[in-house]
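None of the figures in this text is laboratory data; all of them are computed from the coordinates on show. Quick caveat, the model's predicted, so the values are computed rather than measured. Cβ coordinates were reconstructed from backbone atoms using ideal geometry, including for glycine residues, and neighbour counts include every protein chain displayed.
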Amino acid sequence: MGIDSFIQRLERCMDALVTLNVVTAVGAATVDISNDGAKTTNKIALVGGSNKVIWTAIDLVQGDITTVIDPEFQGDAGKELRDFHKSRETQGLEIMRGNISALKELVTLLGAAYQHQKDYPGPAANKG
């Protein structure tokens, strides 16, 4: 894979990193993880009608946070589950910070490699 195609793939991945979704589901569920070579897709389907969910979407660009909490998890009865969900939100944000830091380093490295390739094209570029 050349540097240009790698950069294009990296740009597509960055577009997918806009929203962090944290889902805590209680009940039966099926999980389908598929990868078409360019993108991994996660699908979670709740099975049956007795499932309860806490869902948080964090827009990493705008800074908006949306949380939906099933009424059964409100009050004292759901405190432990809400605390668990909050810890997963914190963990998810820490993972994203680490990923963004790693991507920043990768982009810097790719920029240097691209500049080196431009400055020193090698024998294949001199053929014409």
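For the chain, the Kirkwood estimate of hydrodynamic radius, built from reciprocal distances between every pair of different alpha carbons, is 18.2 Å.
So what's the net charge close to Arg88: Lys and Arg +1, Asp and Glu -1, counting the other residues with Cβ under 14 Å from its Cβ?
-2
For Ile65, neighbours were defined as the other residues whose beta-carbon sits under 15 Å from its Cβ, and their charges (Lys and Arg +1, Asp and Glu -1) total 0. When Val68, Val23, Val107 are sorted by how many other C-beta atoms sit within 10 angstrom of their C-beta, beginning with the fewest, the order is Val68, Val107, Val23. Once C-alpha pairs closer than 8 Å and six or more residues apart are averaged by separation and normalised to the residue number of the stretch 3-121, the relative contact order reads 22 percent.
Identify which of Lys86, Lys43, Lys52 has the largest mean-square fluctuation in a Gaussian network model of the chain, with springs joining Cα atoms closer than 10 Å. Evaluated over the chain, the most mobile residue of the options is Lys43.
Give me the net charge of Gln74's neighbourhood, meaning all other residues with Cβ under 12 Å from the Cβ of Gln74; Lys, Arg count +1, Asp, Glu -1. Net charge around Gln74: 0. Coordinate range of the alpha-carbon atoms in the stretch 28-101 per principal axis, descending: 41, 29, 19 Å. As I understand it, the value is the acute angle between the Cα axis of helix 79-119 and the longest principal axis of the Cα atoms of the chain; what does it come to in degrees, rounded to 10? Computed tilt is about 10 degrees. Axis of helix 3-16 versus longest Cα principal axis of the chain: the two differ by about 20°, to the nearest ten degrees.
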